[in-house]
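Worksheet: the structure to be examined is printed underneath.
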Amino acid sequence: MNEAIRIIGIDPGLRRTGWGVVESAGNALRFVAAGTLRSDDKAALAARLCQLHDGLAEVLERTAPQEAAVEQTFVNKDATATLKLGQARGIAMLVPARAGLVVAEYAPNAVKKAVIGVGHGDKQQIQLMVKVLLPKASFDSADSADALAIAICHAHHRQSAAYRIALAG
């Protein structure tokens, strides 16, 4: 039997960063935990990034994942919002990397395709399929459901040649 690997999926955002942890053993998935980190929208940007950093570091310490996956940033029409999302995404990549984890990145369409079967879908579809794939899953927001979807996507793709090369390097 394959050894279980604990994976954290992270859906970065400056207001809310979703996280979800699953264990993957072969084709079997098991829900571990999920939640949402929230920053104080009245605080300065640097303080908000510190809040996300510290919260995510605590989650990693508590859940002890072995691998991490983060959703790639999509560019929207609002350059300021995209830049802030990029900064939150930097925290989402830095914290697991500093903990010694290889961090995989997945496009939003790849996550949707892995979870709902097509590259386009809404948050309700993702939440529904996360519950189908992880019946014991509980999540407190669409962001934590998305994070679980990212972890599921990574569980499905972690045996790819590119990921094995990243692990070897």
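The values are calculated or read from the model by the stated rules, or taken from the named source; none is laboratory data. Fair warning: this is a prediction, and the values are worked out from it, not measured in the lab. Note that each Cβ is placed from the backbone with ideal geometry, even for glycine, and that neighbours are counted across all protein chains shown. Ligands, DNA and RNA are excluded from the accessible area calculation, which covers all protein heavy atoms including side chains. Shrake-Rupley method; radii C 1.70, N 1.55, O 1.52, S 1.80 Å.
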#### Entry: Cα shape, the stretch 34-128, gyration tensor, a/c 1.5 rule
oblate
#### Entry: In nm, spacing of pseudo-spin labels at Asp40 and Ala57 (7 Å Cα→C-beta vector)
1.8
### Task
Using per-residue counts of other Cβ atoms within 10 Å, averaged over each peptide, order 143-155, 53-65 from highest down.
143-155, 53-65
### Query
Could you give the Stokes-Einstein D for the stretch 39-82 in µm² per second, using the C-alpha Kirkwood radius, 25 °C, 0.890 mPa s?
193
### Query
Expressed as a whole number of Å, what is the distance separating the alpha-carbon centroids of the stretch 79-97 and the stretch 6-23?
13
### Message
Tell me the net charge near Ala88. Cut-off is 15 Å between Cβ atoms, Ala88 excluded, with +1 for each Lys or Arg and -1 for each Asp or Glu.
### Response
-3
#### Entry: Accessible area expressed per residue, the chain, with surrounding protein chains retained (probe 1.4 Å, Å²)
52
### Query
the chain: percent of C-alpha pairs farther apart than 19 Å?
52
### Summary
Output for the stretch 79-132 (equivalent-ellipsoid semi-axes, sqrt of 5λ from the C-alpha gyration tensor, Å, descending) is 25, 16, 10
### Task
Please list, or write none, the aspartates and glutamates whose alpha carbon is within less than 19 Å of the alpha carbon of Lys123, excluding same-chain residues fewer than 8 places away.
Asp11, Glu71, Asp140, Asp143, Asp146
